[in-house]
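Since the structure comes first, as structure tokens, the remarks are kept for the end.
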Amino acid sequence: MGARRWLAAATLVTVGAVTLAGCGTAGAEQVRPGDTARVRPVAAAAPVRVTAPVRVTQASAATAGSGIRAASAAFSSFAAPGRTLKPGSKGAEVKALQVRLKELGYVPGALDGKYGGTTQAAVWAFQKVQGIKPTSTVASRTWRALENPKAPKVLVPGGKPDRAEVNLTQQIMVLYSGGEVKLISHISSGSGIPYTEYAMWNGKRTKFTGSARTPTGDYKTTWRRSGWHRSYLGQLYNPIFFNGGIAFHGALSVPLYPASHGCVRLPMNVAEILPGMLGTGVPVHVRGKFAR
């Protein structure tokens, strides 16, 4: 991409300052080593693959929008082990949790019987969809929900069969493919807190400001980068842009509250597989508002 497409989010350039929308830049060629003032070196996560389809039909998912549980026939039967689990737990019960989450469309990482960070993020996403306050502990209420789960609320009834929906209220992303839910992920969107950052731009130390918002609306996926992409506001892993400088991307920190400059942060293992599941020109619908 050429210089004329730098910051395709219609950034406003003022004297000594650039006002941004989002956390990315619309042309990797514009960023050279040493251009970013506040970027720490990081290492990419190991690849994680999801192979099992999620059997939630568009019809059953639509019923979830009115609080009706997804038809039990959509999933295999599941008997909860019942043991309380926390990060650091190990064993057959953890593996049963991981297998169940994966079957329902969440991405717990390796099915290895070890309750680590990727499993925790999948648990958070599941709990949020079920209306359970997210916690790292898997106890009786979460186990019961795993036995009789709700499908995620449909934000755009009658939307395209292939689309992504971002629920800012619940802080989740749902990917649909062929009218079926294929992936549900915990996210962290724009904090809404105005920011000021400084970085080198065209050989000059430049002030960047923005509102750190993830705007609601209807968009489409555009360009992407593989691996770590250096932007003026930090490092983005496997970014897929959908609204100017706003992208889905992996991050090492995806907390239980909006914390980004405007992008949609994803757990690293989700960002590893998403490019193979989400094509270019696919609708992205962003709805809701997070209540702190």
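Points to keep in mind about this one:
Residue-by-condition table, conditions (1) in contact with a His (Cβ under 9 Å, 6 or more places away or on another chain); (2) assigned by TED's automatic domain parsing to the domain that holds Leu183; (3) surrounded by fewer than 21 Cβ atoms within 10 Å (Cβ to Cβ):
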site: Lys95; (1), (2), (3): no, no, yes
site: Val99; (1), (2), (3): no, no, yes
site: Glu103; (1), (2), (3): no, no, yes
site: Thr119; (1), (2), (3): no, no, no
site: Pro134; (1), (2), (3): yes, no, yes
site: Ala139; (1), (2), (3): no, no, yes
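- Cβ pairs under 6 Å, 6+ apart, first in region 74-103 and farther than 14 Å from Thr119 by Cβ, second of a type in the set (S, T, N, Q) and surrounded by 13 or more Cβ atoms within 10 Å (Cβ to Cβ): Ala74/Ser60
- Here Thr196 meets each of (1) hydroxyl-bearing (Ser, Thr, Tyr); (2) in contact (Cβ under 8 Å) with a residue 24 or more places away in the chain; (3) surrounded by fewer than 17 Cβ atoms within 10 Å (Cβ to Cβ) with one exception, condition (2).
- Leu236 being surrounded by 24 or more Cβ atoms within 10 Å (Cβ to Cβ), aliphatic (A, V, I, L, M) and either more than 17 Å from Gly192 (Cα to Cα) or out of contact with any strand residue (DSSP E or B) (no Cβ under 8 Å at 6 or more places or on another chain) (or both): yes
- Among (1) outside the structural domain of Gly262 (by TED's automatic domain parsing); (2) touching a residue at least 60 places away in the same chain (Cβ under 8 Å); (3) surrounded by fewer than 21 Cβ atoms within 10 Å (Cβ to Cβ) - the single one Asp162 does not satisfy: (1)
- Near pairs, Cβ below 8 angstrom, 6+ apart or cross-chain, from region 202-230 (under 25 Å from Pro161 (Cα atoms) and among the charged types (D, E, K, R)) to any residue that is modelled with pLDDT under 95 and not in a strand (DSSP E or B): Arg225/Ala28
- Look at (1) out of contact with any Leu (no Cβ under 7 Å at 6 or more places or on another chain); (2) of a type in the set (Val, Ile, Thr); (3) under 22 Å from Gly91 (Cβ atoms) and you find that Thr169 fails only one, number (3).
- Here region 253-292 is the region considered, the condition is being modelled with pLDDT of 95 or more and of a type in the set (Lys, Arg), and the residue that is surrounded by the fewest Cβ atoms within 10 Å (Cβ to Cβ) is Arg287.
- In region 233-262, residue farthest from the chain's Cα centre (by Cα) [restricted to those that are on the phi > 0 side of the Ramachandran plot and assigned to a strand (DSSP E or B)]: Gly234
The values are calculated or read from the model by the stated rules, or taken from the named source; none is laboratory data. Small disclaimer: the values here were computed from a predicted structure and weren't measured. Quick reminder, even Gly has a Cβ in these numbers, built from the backbone with ideal geometry, and neighbours come from all protein chains shown.
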